[in-house]
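Participant: Can you read through this structure? Questions will come right after.
Just so you know, all these numbers are worked out from the coordinates, no wet-lab data involved. A quick note: this is a predicted structure, and the numbers were derived from the prediction, not measured. Counting neighbours? That spans all protein chains shown, and the Cβs are built from the backbone with ideal geometry, glycine included.
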Amino acid sequence: MSMMNVKEAQVLETAKKRPGKEKKVLVVDNNPVVLGFMNNLLVNHGYQVSTAEDGVTVLKILETYVPDVIMLDLIMPNISGDKLCRILRKMPRLQNTHVVILSAVAAEYETNLADLGAHACIAKGPFNKMSERILDTLEKLETSPVHDLKNEIVGLEETYSRDIVKELLSVKRHLEVVLSSISEGIFEITSEARIVYANQTAISIVGIAEEQLLSLHVFELFHELDRVRVDRLFKSITDIPRSANSDSYRLINGKEVSVNIFPISDAENKSVLVINDVSDRKRLETELRQAHKIEAIGTLAGGIAHDFNNLLMGIQGYTSLMLFDMNTNHPFHDKLKRIEDQVRSGAELTKQLLGFARGGRYEVKVADMNEIMDKTSAPASWE
């Protein structure tokens with residue numbers, strides 16, 4: 001019998017000594033051997049077991065499934081276990097769900113595990129010993145819900161700290177600090193266009209909480225009128241980064257962003273989406289274009305007003321010459337005076353046009369509409 005079969009036999013023998021539980025357990029680990037071990041162990045104790053290999057799958061499962069216990073590893077692809085813990089604790093429907101960390105890096109992990117919202121932590125080790133720890137922890141959580149295991153890492157005394165793991169975790173934390181400080185929004189996108197990472201700037205730009213953002217389809221961030229363009233951009237991804245800086249894309253919150261896509265050359269075909277909030281720049285560009293239009297209209301209005309004023313002055317001059325030697329009781333005298341009044345009204349209009357052309361140098365005052373109507377619409381008697 002192989003070593004693995006001996007361990008499995010020991011696990012099954014242990015299972016016979018414990019009563020069934022009839023509890024739903026979701027096990028999350030990217031190692032298929034661990035998933036197989038956990039499934040055999042828990043099923044043989046009457047647990048209803050579901051498994052997932054990464055955080056994205058977990059969040060999909062939890063849309064329609066509420067387990068009694070979630071057991072997860074800290075180091076996983078896509079969404080890490082520590083971030084997944086924080087997300088789970090923010091889900092109201094999981095407030096009665098126990099979260100248990102099952103990790104091989106428990107001895108090297110320096111973050112306070114209680115801050116992650118986990119109810120217990122178990123260090124990975126030999127299967128025969130780990131099975132006892134798992135079953136004991138689950139039993140304590142069931143029989144004494146208020147039992148606090150947060151400050152205890154079960155099985156830690158049989159593990160030892162590894163410098164190489166500490167260094168890798170330190171590098172990971174350093175990269176997270178750097179990414180959170182960048183002024184650009186950064187998303188990590190799977191080959192299925194699912195978001196598995198977002199830095200703080202990206203979360204701020206899109207205005208969606210991290211627990212809702214992760215596992216979301218990237219197209220859902222954009223306004224429905226721009227999703228076809230975004231889809232076209234993603235489909236054109238090759239080994240060369242794609243830039244769409246000349247265009248802007250509208251998010252569902254109304255902001256406009258520039259987009260750059262960088263493919264990641266690995267087996268998972270992921271990509272990095274970088275966005276910049278260009279809403280203010282676009283607004284200023286719009287205002288500048290509007291100002292240029294107004295300036296052009298003002299220049300045109302000034303030219304028209306100047307030429308129109310010359311025409312009015314000609315009419316005014318000939319009218320004045322006709323009235324110069326004309327008796328006041330002449331039948332045309334009142335008609336010519338009315339022409340002079342209309343010319344003066346036209347001159348006032350040209351002043352307004354010139355005021356507009358010069359940036360608003362015109363007089364604003366209260367006007368009597370009755371008087372204006374009398375002057376402009378009441379025809380003179382031609383009899």
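Participant: List the residues, sorted by chain then number, that are 5 or more residues from VAL27 or on another chain and whose placed amide H is less than 5 Å from its amide H.
Facilitator: It is SER50, THR51, ALA52, MET71, by chain and number.
Participant: So if we plug the beta-carbon distance of ARG93 and ARG289 into 1/(1 + (r/R0)^6) with R0 = 45 Å, what FRET efficiency do we get, rounded to 0.05? Write down the numbers at each step before the final one.
Facilitator: Values: r = 49 Å, r/R0 = 1.09.
Efficiency at R0 = 45 Å is approximately 0.35.
Participant: Pop out the ³J(HN,Hα) list for segment 126-139 in order, Karplus 6.51 cos²θ - 1.76 cosθ + 1.60 with θ = phi - 60°, rounded to Hz; leave Gly and Pro as x.
Facilitator: Working through the residues one at a time gives x, 4, 5, 7, 5, 5, 5, 5, 5, 5, 5, 5, 4, 5 Hz.
Participant: Another question, then. Beyond 23 Å between alpha-carbons counts as too far, so tell me which of LYS60/LYS270; LYS23/LYS140; LYS24/LYS90; LYS83/LYS124; LYS24/LYS140; LYS90/LYS235 fall in that bin.
Facilitator: Values: LYS60/LYS270 19 Å; LYS23/LYS140 14 Å; LYS24/LYS90 20 Å; LYS83/LYS124 20 Å; LYS24/LYS140 16 Å; LYS90/LYS235 34 Å.
Those over the limit are LYS90/LYS235.
Participant: So, R0 is 51 Å and r is the distance between the beta-carbons of ALA367 and GLN200; what FRET efficiency does that work out to, to 0.05?
Facilitator: Working: r = 58 Å, r/R0 = 1.13.
With R0 = 51 Å, the Cβ-Cβ based efficiency is 0.35.
Participant: Determine the distance separating the Cα centre of segment 293-347 from the Cα centre of segment 186-232; give it in Å without decimals.
Facilitator: Using only Cα atoms, the two centres lie 65 Å from each other.
Participant: Residue-wise, which Karplus ³J(HN,Hα) couplings in Hz belong to segment 223-229, taking 6.51 cos²θ - 1.76 cosθ + 1.60, θ = phi - 60°, and x for glycine or proline?
Facilitator: Computed from phi, the couplings for segment 223-229 are 4, 4, 6, 9, 5, 5, 5 Hz.
Participant: Next question, about the same structure. So who's got an amide H within less than 5 Å of the one on ILE79, skipping anything under 5 residues away but keeping other chains? H placed 1.01 Å off N, in plane.
Facilitator: Result for ILE79 returns GLY55, VAL56.
Participant: Over the Cα atoms, compute the radius of gyration (one decimal) and Dmax (the largest Cα-Cα distance, rounded to a whole number) for segment 301-359, in Å.
Facilitator: Rg, Dmax (Cα atoms, Å): 13.8, 46.
Participant: Still on this model: Which of the listed residues, CYS85, THR64, GLY36, is farthest toward the dipole's positive end in segment 20-136, when Lys, Arg count +1 and Asp, Glu count -1 at the beta-carbon?
Facilitator: THR64
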